[in-house]
Structure formats: structure tokens, C-alpha cells
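**Q** If you scroll down you'll find the structure; I have some questions about it.
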Amino acid sequence: MRIGIDLGGTKIEGVVLSPDGTQLMRRRIDTPAGNYDATIAAVGSLVDSIERDIGKHGTIGVGIPGAVSLVTDRVKNANSTCLIGHPIEQDLSAAVGRPVRVMNDANCFVLSEASDGAASQATFPDARVIFGIILGTGVGGGIVMKGEALSGRNAIAGEWGHNPLPWPRPEESPGPPCYCGKSGCIETFLCGPSLFADYCKQGGDAKSTREMVERAASGDDDLAEAALQRYEDRLSRALAMVINVLDPDVIVLGGGISNIERLYQTLPKRLPEYVFSDSFDTMIVPPKHGDSSGVRGAAWLWSQAEADQMQSVWSNGGLQAPTTAFIKP
């Protein structure tokens with residue numbers, strides 16, 4: 001079997017997939033806030049509890065809100081900053097007693113949706129390039145090309161959230177400061193908290209993003225409608241930059257913002273203003289697996305053949321699967 005772990009800033013989620021992708025178990029625990037060692041231990045405990053209940057061992061893939069440096073083998077670019085600078089792949093492998101594959105959570109998200117989700121071959125048989133984005137606490141992106149998640153030469157493929165917002169308006173420049181050390185990053189404008197903060201800054205008094213969206217839909221809150229229109233325009237500009245470079249067949253939206261249904265009508269209308277083409281027919285779709293996509297994609301980091309091999313090792317009394325027995329991606 002294949003186990004996927006989504007290591008987030010507030011929760012750690014685990015899922016077990018059968019060979020055909022059916023979810024056998026899903027379990028969630030809180031992330032130890034700002035504590036790296038406790039986080040590694042929590043992942044180990046979660047895997048242990050899952051395997052005890054299922055009665056089998058499996059391959060383990062982990063999605064993280066950052067990337068593993070190809071130079072140092074340590075975490076970089078993580079908005080869960082306690083992970084930065086640590087050899088997370090080695091530490092997780094030691095905690096669970098076998099090789100672990102680690103990938104950016106946005107890459108895991110798009111891999112899931114391309115494998116058996118909203119952008120699968122069953123839905124879009126001619127799709128070859130898929131761009132998946134996470135609009136949540138942060139803003140991430142991932143690319144799947146011909147069924148494979150791309151990491152890139154510097155392990156930053158798809159990191160559109162840390163480019164500057166394109167074609168900024170005067171009031172958007174230089175932009176809010178970002179944890180990466182720069183100002184005006186796409187993430188600072190498009191993450192979930194920024195949408196609600198922009199609305200509140202203009203005098204909005206809704207208690208949550210959901211209430212703000214509901215008020216806009218009912219026509220009872222002009223400030224909510226204006227905030228959503230500003231957000232849609234910024235998202236369109238940011239996506240147009242990606243489309244002009246990558247020209248994907250399908251874009252899958254993820255994260256909490258992806259639940260705003262009007263985006264799937266408004267974005268296709270706004271994007272032609274910014275995309276450098278005389279036509280625009282890239283499909284923009286919501287995720288099939290919702291907030292489970294990232295954790296499912298982590299499980300997909302191992303093939304079924306590798307999962308079968310892992311099970312054989314344990315069935316034959318192996319206490320720890322040798323790293324050399326597995327093909328690294």
C-alpha cells in the first residue's frame with residue numbers, strides 16, 4: 001500500500017491508498033507549532049498508528065510547504081519556517097525506518113489531480129501540461145507534464161507565488177513585505193488571508209471570508225463585491241504570466257480560495273485581457289479531491305510496483321528496507 005503525508009503548518013494529514021487509488025484510511029493530527037523535532041516525531045507516530053490499524057507497512061511520500069535543496073539536501077523556501085535548514089528527508093526516513101520521498105506540497109497537489117482527479121486523462125485525454133495552484137495560507141504552484149511532476153533544475157518549478165504581481169497598479173506598488181525578504185510577491189496579494197484583509201482594510205465588517213463571499217453573492221455588501229473583483233483581477237494577471245510562459249492545457253485551483261465558485265466563471269472572462277494570444281481556451285477547474293489532493297499526491301510519489309516491493313521486504317522479515325533497493329525519482 002501507499003501512504004501519503006501532508007505536512008502543513010497547522011495540521012499533518014495521512015492517507016492510505018489501495019492499488020487502484022481508493023482511499024482506505026484518512027487521519028489528521030495537529031502540527032506542533034514551530035517545533036521541528038516534535039514535527040518529525042509526530043509524523044513518525046502518525047505513520048505508526050496508521051500501519052498498526054491497517055496491519056501492513058507501505059511506501060511513504062510526504063508533501064511539504066517548501067522544497068528540498070538539491071545542493072544541501074535541506075529544506076528551503078518553506079512558509080513553515082521551522083522546517084528551513086533541516087535535512088527533512090533523512091530525519092523522516094530515520095523516524096519511520098525506511099526511505100521517504102519528499103516533494104513540494106503544490107507538486108503533490110497537481111500530481112494527484114493529474115493522476116485520478118480533475119485533470120486526469122479520463123477527463124482531458126489530450127492534456128499534456130497541467131498547472132496546479134494552491135491558494136491558501138500561502139500561494140504555491142506545481143507542474144505536471146506528460147504524467148510526471150516537474151521539480152526543476154533548482155527544485156523550484158512552479159513557484160509562481162514568489163514572483164512580483166504583474167502589471168501592478170499604483171496602489172499595489174511596492175506591495176506588502178513577504179517572508180522571503182522581498183515585497184510585492186504574488187503570495188502577499190493572493191493568499192487567503194490577504195483577500196479578507198483587503199476587504200477589512202476598506203471597512204468591511206463580515207466576520208469571515210465565507211461570510212464576505214456570501215454577502216457579495218446576495219448583493220448586500222458592495223465592499224465584499226469590490227474586494228472579490230480586485231482579487232479576481234490580480235489572480236488573472238498572475239495566471240496570465242504563467243500562461244504566457246507555460247501555456248498549460250488545464251489549470252487546477254486548490255486551497256481554500258478554490259471553493260469560491262464564481263472564480264470558474266469570472267477568470268475565463270478576465271484572462272483574455274492579459275494573455276498574449278488572440279484566443280484563450282485553457283480550462284480552469286476546481287479540484288476533484290478537494291483538500292485531500294495534496295496528501296493523495298504524496299502517496300502517488302511511489303509507484304505500485306515499489307509499494308509491492310516494500311511489502312515483500314517487510315513480509316520477509318526485513319526490519320528496514322535498504323535504500324538501494326528503491327529507485328529514486
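Read-outs throughout are calculated quantities, based only on the coordinates presented, and are distinct from any laboratory measurement. What you are looking at is a predicted structure, and each value in this text was computed from that prediction instead of being measured. Ideal geometry is used to build each Cβ from the backbone, glycine not excepted, and the neighbour counts take in all protein chains shown.
**Q** On full extension of the chain, what length is gained from D233 through A41, given 0.36 nm per residue of separation minus the C-alpha to C-alpha distance?
**A** Here the segment from D233 to A41 would lengthen by 64.9 nm.
**Q** If you take the charge dipole of the chain about its Cα centre, with +1 on Lys and Arg Cβ and -1 on Asp and Glu Cβ, which of W302, F276, A226 is farthest toward its positive end?
**A** W302
**Q** Taking the DSSP beta bridges in the chain as the whole, what percent of them are antiparallel, to the nearest 5?
**A** Once the DSSP bridges in the chain are tallied, antiparallel ones form about 60 percent.
**Q** So how do L24, L135 line up by other beta-carbon neighbours within 10 Å, fewest first?
**A** Going from sparsest to densest Cβ surroundings: L24, L135.
**Q** How do D220, D247 rank when sorted from fewest to most other Cβ atoms within 10 Å of their own Cβ?
**A** Starting with the residue having the fewest Cβ neighbours, the order is D220, D247.
**Q** Calculate how steeply helix 192-201 sits against the longest principal axis of the alpha-carbon atoms of the chain, using the helix alpha-carbon long axis, and give the answer as 0 to 90 degrees to the nearest 10.
**A** Roughly 30 degrees between the two axes.
**Q** To the nearest 500 deg cm²/dmol, what mean residue ellipticity at 222 nm is calculated for the chain from DSSP H runs of n ≥ 4 alone, each contributing -39,500 (n - 2.57), summed and divided by the residues?
**A** -11000 deg cm²/dmol
**Q** Among K201, K76, which comes first, second and so on when ranked by fewest other beta-carbon atoms within 10 Å?
**A** K201, K76
**Q** If amide hydrogens are placed 1.01 Å from N in the peptide plane, which non-local residues have theirs closer than 5 Å to the one on M25?
**A** V16
**Q** Scan [x] 20.0; [y] 20.5; [z] 25.7 for the value of Kirkwood radius over Cα pairs in Å calculated from this model and give just the label.
**A** This structure yields the entry labelled [y].
**Q** Also, I was wondering about something else. Which aspartates and glutamates have a Cα less than 19 Å from the Cα of K76, not counting those fewer than 8 places away in the same chain?
**A** D6, D37, E89, D91, D105, E159, E187
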